[in-house]
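Here's the structure, in structure tokens; my notes come after.
FYI, it's all coordinate maths here, none of it is from the lab. Just so we're clear, the structure is a prediction, and the values are computed from it rather than from any experiment. Ideal geometry is used to build each Cβ from the backbone, glycine not excepted, and the neighbour counts take in all protein chains shown.
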Amino acid sequence: MTSFRFIHAADLHLGSPFQGLALKDAAIAQLFIEASRKAFSALVDQAIAQKVDFFIVAGDVYDGDWKDNKIGLFFNREVARLEREGIPVFLLKGNHDAESVITKTITLPKNVREFPVNKPGTFTLDHLKVALHGQGFAERSAAENLALSYPERNAGWFNIGVLHTSLTGREPHAPYAPCSIEDLRSRGYDYWALGHVHDYEVVSEDPVVIFPGNLQGRSIREQGAKGAVLVTVEDGRVSHERVITDSARFAELAVAVEPEDDIPAILQRLESALELVVERMEDRALALRVRLTGRSRFRHELTARAQDFRDEVQAACHRCHEDIWLEKLDVRLEPETNGKAVSRDILGIEGLILTGAFPSELVADAEARIAEIAARLPGGIGAGELALGGDAETLLAEARELLLSRAARAG
């Protein structure tokens, strides 16, 4: 059997607006938008340098419908580079760029071949004796098991299944095109190029079934290195290695605070903790979520000066490294009361002053109000998850802390 190599990528999400970051800091959002494009360009560079025989994208090339043709033109430019090197590209539509979602088009180079969406289709590379089988999404949601309708293997050839799927479930990803490993094995293919799940995972080695993850992290839930997979086939034996493409990452840092720490002391603890973060950045920009834990007698002061303190934390990050950007400051400090109880009716609003869970009626009312506000945000910003930077209970907790801090100062 002929030896060859190929790139397996998925979930490029070109055009992702990074709405959550945009609400917090437009400059950070722009940095990650550019990083998404750089990641794909870097992968094309690697494909050309490695002289791969073909290139697979297993769904979600785009994050959604285009506002204009810029993102289509960018993708066209990059795959045209592959065409000039004689590298064919095989595309599959996923839930984010399903047939019903993308309304604009740009004519792509002739090296780009797209799997059908109404039934499975097969492309062959005769000189390599490789057959690629796949079916894209016609609609944003695909509840049926697509894998079972894939054709039987081409006998004597190396068979690749391309599928956008959650398999048997991968939280928090939606359960699209659900199937089992046994369903995949039943097709008799040699390699399954999967997409949809944003974490790198080698699901199986017999046959080889891989989620390459996405090329660039898109939120604090997507931390660590991101990229694609370089697959080598020699006499039918498959080996694979990751190709890291991201230029910006998300990370979290927890800092324990002591009761007597004032703001300068807290910042000093933060800077000490950041030393290890800097060592592990690998020359990439970082969107960092800082979480403060412990007890503090200055808790109410920090809440009352929330924006000033956030700016101080950002400044501390930049003192340690110019490319550490504060994604969120998560203050989870308990009050240091020295045994004194906080009055339940200190402000006459018992529902906000009580610790613990909020009443379900209050949460529901808050969610309704958040939805009203989000719908009025400009440019579709409010369409994303957590449009105001937190869920209802998080925002209620912040409101409670603000009220308590004001009451403490008034008292």
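If R0 equals 25 Å, the separation of the Cβ atoms of residue 34 and residue 311 corresponds to a calculated FRET efficiency of about 0.55. Annotation: amide H of residue 96 within the under-5 Å range of 60, sequence separation 5 or more or interchain, hydrogens built in the peptide plane. Normalised by the number of residues in segment 28-153, the mean separation of alpha-carbon contacts (under 8 Å, six or more apart) gives a relative contact order of 23 percent.
Run the numbers on segment 4-244 and let me know its relative contact order in percent, using alpha-carbon pairs under 8 Å that are six or more apart. The partial results should precede the final answer.
Numbers: 562 pairs, mean separation 49.0, N = 241.
The normalised contact order for segment 4-244 reaches 20 percent.
A Förster radius of 35 Å combined with the Cβ-Cβ distance from residue 73 to residue 223 puts the calculated FRET efficiency at roughly 0.70. Between residue 51 and residue 369, the distance separating the two model label sites (each 7 Å from Cα on the Cα→Cβ line) works out to 6.6 nm. DSSP finds beta bridges in segment 4-244, and of those with both partners inside it, around 50 percent are antiparallel.
Ordering of 125-132, 88-95, 106-113 by packing is 88-95, 125-132, 106-113, highest average first (other Cβ atoms within 10 Å, averaged per residue). What is segment 81-161's relative contact order, in percent, from Cα pairs under 8 angstrom and six or more apart in sequence? The normalised contact order for segment 81-161 reaches 31 percent. Its Cα gyration tensor gives segment 216-269 an equivalent ellipsoid, and the semi-axes of that ellipsoid, as √(5λ) in whole Å with the largest first, are 44, 11, 8.
What does the extension gain come out to for residue 293 and residue 84, with contour length at 0.36 nm per residue minus their alpha carbon separation?
On the way: separation 209, 0.36 × 209 = 75.24 nm, distance 5.45 nm.
Full extension of this stretch gives 69.8 nm more.
If you bin the C-alpha pair distances of segment 10-105 every 5 Å from 0, what whole percents do you get? Bins of 5 Å from zero give 3, 13, 22, 24, 19, 12, 6, 2, 0 percent of pairs.
Once fully extended, how much extra length lies between residue 149 and residue 304, figured as 0.36 nm per residue of separation less the alpha-carbon to alpha-carbon distance?
Numbers: separation 155, 0.36 × 155 = 55.80 nm, distance 5.99 nm.
This chain segment gains 49.8 nm when fully extended.
Spin-label pair residue 141-residue 276: with each label point 7 Å from Cα along the Cα-Cβ axis, the two points sit 4.3 nm from one another. Give me the extension gain from residue 260 to residue 283: residue separation times 0.36 nm, minus the current Cα-Cα distance, reported in nm with one decimal. The span from residue 260 to residue 283 would gain 4.7 nm if fully extended. Modelled label positions at residue 104 and residue 126, each set 7 Å beyond Cα in the direction of Cβ, lie 3.9 nm from each other.
Using 1/(1 + (r/R0)^6) with R0 = 35 angstrom and r between the beta carbons of residue 181 and residue 113, what's the FRET efficiency to the nearest 0.05?
In this case the efficiency is close to 0.85.
Rounded to two decimals, the Cα radius of gyration of segment 4-244 over 2.2 N^0.38 Å is 0.95. Over segment 247-340, the reciprocal of the mean inverse Cα-Cα separation, the Kirkwood hydrodynamic radius, stands at 13.5 Å.
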